[in-house]
């Protein structure tokens, strides 16, 4: 069965914007859930509520300004836990008939960037991120767009899990709040002006 451009009734959606994280109060406001925060912010800006349903995700359907008029956009937070995010993303790609991996935007935490640094990337490696690895496996392509929010790297690899799931010091949390808003802005710019314009804007040192 085709994954991208799946035939069906109605018009395909133009974009699937996914914020990664783990479900439940235990994980809220941790480094691992900055992607979820960006998705919730994008929904809040449009007075939308993310609702549960099929595909193991909380979703909201929206229209965003695009280069050729309004774009049909799905905002989604997979509730499969990070390691199985791809199962949810693959199901949504099929259901919303997304035509290309380049129309999937994934917002996620990034250990390889300093806390609060924001970078955009299209395709490429997975940097050991279990959520990205799962999405790559289910989409059978690495060519989705990533909005990477830096959360810094602990002193040793063994401390990585505790680092991304632990509570965040106040000053770093304030910085991440700013970058979560920037990540939401970046997603809007990708849809409005294209990924190249957004990369030029957000990948330049500020």
Proxy exposure order for 196, 109, 182, 55 (fewest C-beta within 10 Å first) is 196, 182, 55, 109
Whole-Å distance linking the alpha carbon centroid of the range 28-103 with that of the range 1-23 is 9
Computed FRET efficiency, Cβ-Cβ of residue 26 and residue 197, R0 45 Å: what is it to the nearest 0.05? 0.75
Counting DSSP beta bridges with both partners in the range 15-202, what percentage is antiparallel, nearest 5? 55
Any idea what log10 I(q)/I(0) is at q = 0.22 Å⁻¹ for the range 19-62, Debye with uniform C-alpha scatterers and no solvent? -0.76
Nitroxide proxy distance, nm - points 7 Å out along Cα→Cβ at residue 181 and residue 119: 2.5
Do the sum for the chain: with -39,500 (n - 2.57) for every DSSP H run of n ≥ 4, divided by all residues, what is the mean residue ellipticity at 222 nm, to the nearest 500 deg cm²/dmol? -10500 deg cm²/dmol
Between residue 137 and residue 153, what length in nm is gained on full extension when 0.36 nm per residue of separation is reduced by their alpha carbon distance? 3.3 nm
The relative contact order of the chain, taking Cα pairs under 8 Å that sit 6 or more residues apart, comes to a percentage of 26
With a point put 7 Å past each Cα toward its Cβ, work out how far residue 46 is from residue 165 in nm, to one decimal. 3.3
By how many degrees, between 0 and 90 and to the nearest 10, does the Cα long axis of helix 170-193 differ from the longest principal axis of the chain? 20
Using Cα atoms only, what is the angle between the long axis of helix 85-95 and the major principal axis of the chain, expressed in degrees (0 to 90) to the nearest 10? 20
Most mobile of 174, 84, 61 in a GNM of the chain (Cα contacts under 10 Å): 174
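No value in this document is a laboratory result; all are computed from the given coordinates. Since this is a predicted model, take the numbers as computed values, not measurements. Neighbour counts run over all protein chains shown; Cβ positions are idealised from the backbone, glycine included.
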